[in-house]
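Structure first, commentary second.
The values are calculated or read from the model by the stated rules, or taken from the named source; none is laboratory data. Please read all numbers here as calculations on a predicted model, not as lab measurements. Methodologically, a virtual Cβ is constructed for each residue, glycine included, from the backbone with ideal geometry; neighbour enumeration extends over all protein chains shown. For the accessible areas, the whole protein counts, side chains as well, though only heavy atoms, and no ligand, DNA or RNA atoms are used. Shrake-Rupley method; radii C 1.70, N 1.55, O 1.52, S 1.80 Å.
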Amino acid sequence: MIAEQPTFKALADPTRREILRHLSQSDMSIAEVSDHFAMTRAAVKKHLTVLSDGGLITVRTKGRERVNALNPEGFAPVRDWLSFFDQFWDARLDDLKSAIEKDHSHD
């Protein structure tokens, strides 16, 4: 779980989740991301740094700009963590199905 901490920290903030939504549409410079928010570029850069540290975005240099891009592979720790609970829900849904089928067999 320690390895996943930066990813979950990055996703914990609603502003960062909104930045990810924007980056899912296209790669953007800090200035372009800033245009979507009522905050300073410095504040946006801090959010982008947390997203990068969490592995959710990549940053590349293009001339004088730093271009931010969504990193789909960075979501693997989240998918892995959530998939652990699939077995819980599968078992519960199987129990529910059995209960419904048993109830219908008495009709």
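Across the chain the C-alpha pair distances fall into 10 Å bins from zero in the proportions 13, 36, 20, 12, 10, 6, 2, 0 percent. In the range 1-40, taking the dipole from charged Cβ atoms about the Cα centre, the farthest positive-side position among L11, V33, H22 is held by L11. Taking label points 7 Å from Cα along the Cα-to-Cβ direction, H104 and F84 give a separation of 3.5 nm.
Counting only heavy atoms of the protein chains, get the accessible area per residue of the chain (1.4 Å probe) and round it to a whole Å² value. Working shown, then result.
Values: 7520 Å² over 107 residues.
Result: 70 Å² of accessible area for each residue.
Only lysines eight or more places from K62 in sequence, or on another chain, were considered; those with a Cα closer than 25 Å are K45, K46. The chymotrypsin sites (Phe, Trp or Tyr not before Pro) of the range 58-106 that DSSP puts in a loop, and whose beta carbon has at most 14 other beta carbons within 10 Å, are F85. For the chain, the carbon plus sulfur part of the accessible surface works out to 55%, probe radius 1.4 Å.
Suppose each label sits 7 Å from its Cα in the direction of the beta carbon; what would the E32-R64 distance come out to in nanometres? Taking the two extended label points, one gets 1.8 nm.
Estimated translational diffusion coefficient (Stokes-Einstein, Kirkwood radius over Cα pairs, 10 °C, 1.306 mPa s) of the range 62-107: 110 µm² per second. Taking other residues whose beta carbon is less than 14 angstrom from the beta carbon of V59, and scoring Lys, Arg as +1 and Asp, Glu as -1, yields +2. Working from Cα pairs under 8 Å separated by at least six residues, relative contact order for the chain is 28 percent.
Once you list every other residue whose beta carbon is under 13 Å from the beta carbon of W89, what net charge do they have if Lys and Arg are +1 and Asp and Glu are -1? Spell out each step's value before the answer.
Values: positive: R92, K97; negative: D86, D90, D94, D95.
So the surrounding residues net to -2.
Near P6, once Lys and Arg are set to +1 and Asp and Glu to -1 for all other residues with Cβ below 13 Å from its Cβ, the sum equals -1.
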